[in-house]
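Report on the structure given below.
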There are 4 protein chains.
Amino acid sequence: MAGNTFGHLLRLTTFGESHGSMIGGVLDGFPSGLTIDLEALQLEMERRRPGKGDYASPRNESDIPEFVSGLFEGKTTGAPLTFIIPNKQHRSVDYDSVKNLYRPSHAAYSWEAKYGHYDYRGGGRASARETAVRVAAGALCKQLLLLNNVSVVGYTACIGKVKANVDLLTIDKSDVLRSELYCPDPIAEKMMLQELRAVKEAGDSAGGIVETVIRGLPAGLGEPVFDKLQADLAKAMLSINAAKGFSYGEGFGAAQLYGSQHNDPFEYTGSKVKPLSNHAGGILGGISTGEPLWFSVAFKPVSSIKSTQKTVDKQGNPVNLTIEGRHDVTIVPRAVAVVEAMAALVIADHMLLSGKINHRLD
Amino acid sequence: MAGNTFGHLLRLTTFGESHGSMIGGVLDGFPSGLTIDLEALQLEMERRRPGKGDYASPRNESDIPEFVSGLFEGKTTGAPLTFIIPNKQHRSVDYDSVKNLYRPSHAAYSWEAKYGHYDYRGGGRASARETAVRVAAGALCKQLLLLNNVSVVGYTACIGKVKANVDLLTIDKSDVLRSELYCPDPIAEKMMLQELRAVKEAGDSAGGIVETVIRGLPAGLGEPVFDKLQADLAKAMLSINAAKGFSYGEGFGAAQLYGSQHNDPFEYTGSKVKPLSNHAGGILGGISTGEPLWFSVAFKPVSSIKSTQKTVDKQGNPVNLTIEGRHDVTIVPRAVAVVEAMAALVIADHMLLSGKINHRLD
Amino acid sequence: MAGNTFGHLLRLTTFGESHGSMIGGVLDGFPSGLTIDLEALQLEMERRRPGKGDYASPRNESDIPEFVSGLFEGKTTGAPLTFIIPNKQHRSVDYDSVKNLYRPSHAAYSWEAKYGHYDYRGGGRASARETAVRVAAGALCKQLLLLNNVSVVGYTACIGKVKANVDLLTIDKSDVLRSELYCPDPIAEKMMLQELRAVKEAGDSAGGIVETVIRGLPAGLGEPVFDKLQADLAKAMLSINAAKGFSYGEGFGAAQLYGSQHNDPFEYTGSKVKPLSNHAGGILGGISTGEPLWFSVAFKPVSSIKSTQKTVDKQGNPVNLTIEGRHDVTIVPRAVAVVEAMAALVIADHMLLSGKINHRLD
Amino acid sequence: MAGNTFGHLLRLTTFGESHGSMIGGVLDGFPSGLTIDLEALQLEMERRRPGKGDYASPRNESDIPEFVSGLFEGKTTGAPLTFIIPNKQHRSVDYDSVKNLYRPSHAAYSWEAKYGHYDYRGGGRASARETAVRVAAGALCKQLLLLNNVSVVGYTACIGKVKANVDLLTIDKSDVLRSELYCPDPIAEKMMLQELRAVKEAGDSAGGIVETVIRGLPAGLGEPVFDKLQADLAKAMLSINAAKGFSYGEGFGAAQLYGSQHNDPFEYTGSKVKPLSNHAGGILGGISTGEPLWFSVAFKPVSSIKSTQKTVDKQGNPVNLTIEGRHDVTIVPRAVAVVEAMAALVIADHMLLSGKINHRLD
């Protein structure tokens, strides 16, 4: 297996499996001299943590990263920031019933083809547990971005067919955090919770969409050909478990607009020239314009569902499968923290690449 | 500027600017011993070439790649495949009127912020002319894939609001190639042409969607964490000029489905276990299943339009801009070849990474 | 800080600092399906371990790597092999006397210039303790190489001016392992031990040279331009603490030979064409010939010495420095394991790059 | 073939073969806004050019790089700097006699093993002609370094057993350039020329050593673990054709020194703390100290010699080989420019990595 590292100058390597003793990450290329706010980091971890609402998996893990290098007296040293997160619960017993069959839409099928085996106990390295490491690394990046007045705010834009009505460009993060589903539209949130209860009762699962805005971004981030800012974001987002699509600015909707509708004319504000509108999504030619960068990520419904499914066992015999155990009805609210984390990694990396952040902060 | 190279083991570096003497590419990591069909390569170039329909830019360039290394007596040698494509027409005169102002939604604005200058004559390196190099490199990869029975077929799925009705998984490439717009649904094609004529008359431009299927793919391609097959495809697609979104399988639609609808149950065919349906899009857990891989790419409408637009000049004075000269009404049909090329690069790269293609073919 | 990862397809990321709770490594790209011999791995760790002879630092650490991912029921899974090695002794007290001054030839000086601080307690990430991780990763690679009949054997060729007399190409590893100094020439070993005792009594330190041979190598490893096999080996070796030079084949001696002396004529052995001699060192044009690959690495004397040295403190005041505490008189015998480990990483990486080792071994 | 790209942030990709129509390079990541002195660049090309002295190959090529992207009105644009160098002479006839046999110590043997073929006409991509591209790219980097008061000066330190007597740390570049052999010691130069005449008459060839000093280097360059400054230099140097060894500071000699001899004590100069001596070679712990960085590269004698050699043909029959045609008696003086170029690439790359050079110079 390769590809356990992400980034150009700021590189995150993640390790560990869902049923080993720990997972963890190495964040290489992080500047020296930044005082880390471990409480703020922990709040990010909480947002991804399972077991909060009754639509979520009751697996309750505190997920407190322990730093083993790169921090000295509260400050980053320039050495790779390495942290481990212990895996507290190992209930392999949950998985015995699925050991010998193929669960619909589970990674086991393709992993067996690649590696000749699969860790049936919970996906091993395929498990979304790996994203806890991304959230921790992203939290570190967010603190670096904050120092540069760059903020990353995501929210639950859709659960199934329920859509929130939110002005993304002016969204207030505290409104998002106040919501159990990370949806700052209280009417939509109520409908989403209703929908999730119904889905849960039906033994089914739901997908959804996370929308995100990055504000305070300097102009000039991104490399114009293959490493366009949107290209690196797209890769980051599609590397998240269950993500099925990425778009920025008007996205797929742009395909239906005329140029005269989609173009953002420039105006002079009295002090500088800037676009009057932002259909573009904050990027032109692969490079940030300085306007808010906004994008969407679509997530499929969770594949582990309680209601009976037809499938086959490894010998090819038909099986009626009923998956017991703790599973999310939807992962969309928890995915908000992961989307934000990956966005923060990409932006911090490009800030370093463009010299907008120095390697030494003192 | 960095980021002019794409790929893991099979790496494409592109160079050149729209108004220099040539553009070109270096394809590093291509196996030795493959006999290259230069005619087939030329047909790919033709599909991207401007100036074919009356909806396209009349700039007519033959775009014949000249190989300067890596080919000996018709076979690849293992040395990097390097080719150059001369730039035949340099009519800088077209651009004088736009030299001192900001064209709505043009890259000039963000590039100036990054580099302190911009080549007004046609975007320099930001020009979509660079994609000709990608098509040539992709054509080489397609020949490598063909040897392994892997085919990549894209088509114009939408122009503006006109949608084709096509069964993507069983699409026939010859039907696509027969169509002027690379749309194998003749009814939709007629409506698209009608729409494009209307848009052209209005001095406007249109966007659209390219859908693509990769068939014959072995199971086991893709690296499971950051270099998931869909993540690398997403980056490839969003690195194409004017692309606004990428999705695979049910994509954004998956967000509205229940798990019981989206899951693909497994069946036993008598010889092997395989999924009964393919909502997943041919990838589970970042790794190919062996089923057809299908995905969509959205393109925005061309930003250079003939009808008058309000903008400002570099001093901030309001300007009524009318862009003359040769511009595509839509780039979607031409983009089909670019999407296919980038997909072929990603797949060939992952075939090499997984050892499904050897570095030496003799 | 960047650059904590080494390799192309097989990538080692190391983390941790000498005075943190642990050090460790992530080995990404290692094939799935290999049964790991943990005892053999431990023997490699022992060879690098301090505190064995009386010429070595008495710091005694058992250095047993604990695997946290990538191993399941004794076999590699294809997931990144991650292991941690606890740091048992933290005697910061040793370092108080040196906290406020510049030790001659210590990294503290250049690190402060780069990062604005330095972990005086033992070099933090600059400490040679990091090489324990390399030895563990190298031991995994050696087991992979052994499966392909490739062996890596190093030995202590010189300590100071005492030179061993050994036929490197036919060296027997058991003879090396029998020696306390990893020097299979018993007469030289005796003189080396004598020299080291004298150096120790004088409160001084000694350097030396490690010579290594890789046998069983297939022809065709290495990429011919920048990633020549010797170039990757050179980088690997110069990345080891205290290494001052790398050469292969006749090395610096080749500069004094005539072409007629240095050339290796080809002969026909009855079954194949091969070079009659091996001045080249097993590589031609950056690519392995299939003959034994032999190379040398020079190490400087340890910079921490007991005898009094003149230096200055951080305010610039002259100081007579006497370094107490546990320090090696020479690191050369311990470096043999590190050199072998880095060589094994490079060779295994190139075996994977060339398709000589598959990503899946079952 | 892979590995045709070198560097972290500043990346050189070279392409082309000795007997194709051209060779060339793409230098990606070079800052925008630098005015390039093409005459100074041409002088560097001249130093590598064959056919100057009577000890050198009479193949006379002007080697003038033609820029095809990245330069606009004399200034770098930030786009990749791409240049081509035409191959003027194609006398394949010279090579007919060697087509069917193995020349001692030629790359043909290992390349055939890797690729299944070899371009007998002159090595194709294995030819040292590729280094002309490196010299051009290095010349661009030198202009960037000069702006930052960093200079790279190499010279011919040995030809065979003749050694120059030069104080490297205070060497004057104009003294080097005045010498036909790039050896600023006139007595040694005379003896070297004498030796080369004798070697030529004997139909033989000679090796030698290039020593180089980099002055004006800021402290803080280099990444401390795998990407130590010396590790990247070692890789750069061993990637040059015919290079057999690299060492820095006291190099292999350091192995024979005691710590008390090799250590560089610190002193206070009245304004700052700096090392009193520089045995270390300007690097501690992988990071530059700000003192001059000095290193050596050993080159083997040219393998193509005129005097008769025993070898075998591809069928294994013994052959008495006499190589006619134009070949250098030694490549050491020409290699000085290549060594300097690769050093300039490494240093400029690390200046960018450390933020000592900005991506935009205006």
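The values are calculated or read from the model by the stated rules, or taken from the named source; none is laboratory data. Computed from a prediction, not measured in an experiment: that's the story for all the values here. Here the Cβ is made from the backbone with ideal geometry for all residues, glycine too, and neighbour counts use every protein chain on show. The area values use the complete protein model at the heavy-atom level, side chains included, leaving out ligands, DNA and RNA. Shrake-Rupley method; radii C 1.70, N 1.55, O 1.52, S 1.80 Å.
At a glance:
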read-out: Under 5 Å, built H, 5+ apart or other chain: amide partners of D:D264; value: C:S105
read-out: Ranking by accessible area, most exposed first, for B:M45, D:M191 with a 1.4 Å probe; value: D:M191, B:M45
read-out: Segment A:119-185, dipole about Cα centre (Lys/Arg Cβ +1, Asp/Glu Cβ -1), debye to the nearest 20; value: 280
read-out: Other protein chain Cβ atoms within 10 Å, averaged over every residue that makes up B:148-161; value: 1
read-out: Value of relative contact order over segment D:189-329, rounded to a whole percent, pairs C-alpha under 8 Å and six or more apart; value: 34
read-out: Exposure rank, largest accessible area first [D:V210, D:V273; 1.4 Å]; value: D:V273, D:V210
read-out: Highest-fluctuation residue, C:G290, C:G259, C:G249 considered, GNM on chain C with Cα pairs under 10 Å; value: C:G259
read-out: FRET efficiency, 1/(1 + (r/R0)^6) with R0 45 Å, evaluated for B:I64 and B:Q315 via beta carbons; value: 0.55
read-out: Accessible area in square angstrom per residue, chain C, 1.4 angstrom probe; value: 32
read-out: D:R197 accessible area, 1.4 Å probe, all protein chains in place, Å² to nearest 10; value: 120
read-out: GNM result for chain D, Cα springs below 10 Å: residue of D:A136, D:A255, D:A348 fluctuating most strongly; value: D:A255
read-out: The protein assembly as shown, dipole about Cα centre (Lys/Arg Cβ +1, Asp/Glu Cβ -1), debye to the nearest 20; value: 0
read-out: Share of alpha-carbon pairs per 20 Å distance bin for segment A:5-354, given as whole %; value: 29, 56, 14, 0
read-out: Karplus-derived HN-Hα couplings along segment C:166-176 (A = 6.51, B = -1.76, C = 1.60, θ = phi - 60°), whole Hz, x at Gly and Pro; value: 9, 8, 4, 5, 10, 4, 10, 4, 5, 5, 5
read-out: Accessible carbon and sulfur surface of segment A:229-360 relative to its total accessible area, %, 1.4 Å; value: 47
read-out: Between helix C:186-201 and chain C: long-axis angle, C-alpha atoms, 0 to 90°, nearest 10; value: 20
read-out: For segment A:203-217 and segment C:156-199, distance of Cα centres in Å; value: 64
read-out: Most to least accessible of B:S277, C:S247 (protein chains only, probe 1.4 Å); value: B:S277, C:S247
read-out: Candidates B:Q309, B:Q230, B:Q143: whichever shows maximal mean-square fluctuation once chain B is modelled as a Gaussian network with Cα springs under 10 Å; value: B:Q309
read-out: Size descriptor, Kirkwood hydrodynamic radius, that averages inverse alpha-carbon separations across segment A:204-293, Å; value: 14.5
read-out: Heavy-atom accessible area, 1.4 Å probe, ligands and nucleic acids excluded: residues of segment A:295-320 down by at least 30 Å² from chain alone; value: A:A298, A:K300, A:P301, A:V312, A:G316
read-out: Residues whose placed amide H lies under 5 Å from that of B:L284, excluding near-sequence neighbours; value: B:T289
read-out: Relative contact order of chain D, defined on C-alpha pairs under 8 angstrom at six or more residues apart (%); value: 23
read-out: Contact surface C-D: accessible area buried, both sides summed, square angstrom, 1.4 angstrom probe; value: 7700
read-out: C:V166 - accessible surface, heavy atoms, 1.4 Å probe, Å² rounded to 10; value: 40
read-out: Solvent-accessible surface (1.4 angstrom probe) belonging to A:R129, in square angstrom, nearest 10; value: 20
read-out: Rh (Kirkwood; distinct C-alpha pairs) - the protein assembly as shown, Å; value: 32.8
read-out: For segment A:313-328, 3J(HN,Hα) per residue [Karplus equation, 6.51 cos²θ - 1.76 cosθ + 1.60, θ = phi - 60°, Hz, x = Gly/Pro]; value: 8, 5, 8, x, 6, x, 9, 9, 9, 10, 8, 8, x, 8, 9, 5
read-out: Spacing of the two label points (7 Å from each Cα toward its C-beta) at D:K272 and A:N100, in nm; value: 7.3
read-out: Between segment B:227-242 and segment B:243-289, the alpha-carbon center distance in angstrom; value: 19
read-out: Theoretical ellipticity at 222 nm over chain C - DSSP helices of four or more residues, -39500 (n - 2.57) apiece, nearest 500; value: -8000 deg cm²/dmol
